[in-house]
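J.: My structure is below; once you've seen it, I'll send some questions.
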Amino acid sequence: MLPPPPDPQGPNGFFGLPSIWSNVRSPFENGVVGRWEGEVADLVVFGEIPKQLNGTFYRIMVDPFYPLQEGNAPIEGDGNICALRINDGRVDLKVRYVDTERLRLERQANKRLFGLYRNPFSHHPCVRAAVDSTANTNLVYWAGKLLALKESAQPYEVHPDTLETLSYDPFKSPGKTFSAHPKVDPYTGELVVFGYEAKGLGTDDIVIYALDKQGVIHDEQWIKSPWPAFIHDCAITPNFIILVLWPYDADVKHMKNGNQHWTYNRDRPATFIIAPATPTTSPPTRRRASQSGETKLYFKSSRIFYSVFPVIGPPTNKPFRDFQADYVRWEINLTQPTNTRVVEPTVILDMPGEMAMVDERFLTRPYDKLFCPVIPPGKQGPIPPILPIGLHTYTMLDKPSSKVDLSKDAPEGDGWVLGMIQRMDVNRSDLVVLDTKDFAKPVAVVQLPFRIKG
């Protein structure tokens, strides 16, 4: 059970004194403002970290350096990287902001200059031409580069050891945007990338391509979206990429009137775009031999029945505990024409779950194990349950979060799952290490000296 919020008039509520942060702090943060950079050596470890775990566990945090304009969704805010370096059973912590153009400009002015999420018309006129990416959504290591990603722009490259920001758009990628969730194809050894609104604000243009292990671009193709949609994630098969369109509309006129980038549209169905992994314009050596053999595609995703961002709308008085979400398996029949209604998905997990992981050696191929953070019944937090914040447990499903495997030849799912747990009951953050053979309790818990951003 979560502790009650602090009394605003008491000592833990700052005696009722006002602050520029007072109106923009989320209730689940329980007094944690963040805005911290630094290092802590040799964190306290309970249990024993497996000797095979040697490397860095990276997290990216949404951590506004200046108070945001009211009305922003919780996905807005500067990207702050948390790196936990694991070596010989010891763990060191380093936290550093991604030094984006946006953050540099605001630090120079010593105030907030950017307004609503992805709405340049709400920004201060002097920064409207700047790259407004916060680089706060995901971290991917590819072609020797650690990439801080935000789907509204190209990546920032960050030094994997010092966390110093090195460059913007390191691959000179096509288009203006780069997905925050590209996918590694373990069989081709390439990173599959897409970008939406790829020709500018509110456009219906999508770019798709692959980056090889040297960062060279292949198989570039441009397609159109049925509307300027919110395309946050994708799935890949041996021969296709599946783009998942959320029921939101982007309207530049709406933005110019001071409104949100997105408008939730109840009339939009869940929509999927299927594109070939290699277009016909690719050289013959790049084309997939079996592309014509796939007639049915299967992928899994969260399914939600409401707007995940209440500030985007529509307004509702429905309590968070009554919101419905599940985790499902979709089937797409490629023999059917465009605009065919897909069959009702199969429910795999009838509770809110997000940020699921599989053994990445099996991506694009059949697999049997899925690792999914969930919010079990009776443990709802003070935010919509689908958001992957303050998750209380992990569930392992023997059917079709960071996953670490023992070796290339290890059985599927053999290894460890690492995850940051926000202990809101005791106001603490822990890194937990779970053996995938036994989820009853962690094999190790690394205690941070304070509660860090979720």
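J.: Which condition number does LYS318 fail, the rest of (1) part of a loop (DSSP other than H, G, I, E, B); (2) at pLDDT below 85; (3) crowded, with 19+ Cβ neighbours inside 10 Å being met?
T.: Evaluating LYS318 over (1) part of a loop (DSSP other than H, G, I, E, B); (2) at pLDDT below 85; (3) crowded, with 19+ Cβ neighbours inside 10 Å leaves (3) as the failure.
J.: Right, something else. Does at least one position in segment 180-187 carry a residue that is more than 16 Å from the chain's Cα centre (by Cα), of a type in the set (Ser, Thr, Tyr) and modelled with pLDDT under 95? Give the steps one after another, and end with the answer.
T.: Just the residues of segment 180-187 that are more than 16 Å from the chain's Cα centre (by Cα), to begin with: 185-187.
From what's left, of a type in the set (Ser, Thr, Tyr): 187.
From what's left, modelled with pLDDT under 95: 187.
Yes, segment 180-187 contains a residue that is more than 16 Å from the chain's Cα centre (by Cα), of a type in the set (Ser, Thr, Tyr) and modelled with pLDDT under 95.
J.: How many residues are surrounded by fewer than 16 Cβ atoms within 10 Å (Cβ to Cβ) and under 13 Å from GLY47 (Cβ atoms) when one looks only at segment 417-437?
T.: Selection size over segment 417-437: 0.
J.: If you go through segment 202-232 one residue at a time, how many are over 24 Å from LEU139 (Cα atoms) and either of a type outside the set (Phe, Trp, Tyr) or in a strand (DSSP E or B) (or both)? Talk me through it step by step, then tell me what you get.
T.: So in segment 202-232, the residues over 24 Å from LEU139 (Cα atoms) come out as 202-205, 221-228.
Now restrict to residues that are either of a type outside the set (Phe, Trp, Tyr) or in a strand (DSSP E or B) (or both): 202-205, 221-226, 228.
Going through segment 202-232 one residue at a time, the tally reaches 11.
J.: Pick out, from segment 82-175, the strands (runs of 3 or more DSSP E) lying fully within it that include 1 or more residues that are of a type in the set (Ser, Thr, Tyr) and buried (at least 22 other Cβ atoms within 10 Å of the Cβ). Steps first, answer last, please.
T.: Numbers: elements: 90-97, 138-142, 145-149, 156-158, 165-168.
By residue number, 90-97, 156-158, 165-168.
J.: Restricted to segment 436-453, and to residues that are modelled with pLDDT of 90 or more and either acidic (Asp, Glu) or part of a strand (DSSP E or B) (or both), which residue is nearest to ASP414 (Cα to Cα)?
T.: Top of the filtered list is ALA444.
J.: Can you pull out every residue in segment 188-201 that is farther than 19 Å from TYR141 by Cβ and surrounded by fewer than 21 Cβ atoms within 10 Å (Cβ to Cβ)?
T.: Selection gives LYS199, GLY200, LEU201.
J.: Here's a follow-up. Would you be able to say whether some residue in segment 50-70 is basic (Lys, Arg), surrounded by fewer than 20 Cβ atoms within 10 Å (Cβ to Cβ) and either part of a loop (DSSP other than H, G, I, E, B) or more than 23 Å from the chain's Cα centre (by Cα) (or both)?
T.: yes
J.: Restricting attention to segment 212-235, report how many residues are surrounded by fewer than 21 Cβ atoms within 10 Å (Cβ to Cβ), under 24 Å from GLU360 (Cα atoms) and not acidic (Asp, Glu).
T.: Result for segment 212-235: 7.
The values are calculated or read from the model by the stated rules, or taken from the named source; none is laboratory data. Here the structure is a predicted model, which is why all the values come from computation and not from measurement. Here the Cβ is made from the backbone with ideal geometry for all residues, glycine too, and neighbour counts use every protein chain on show.
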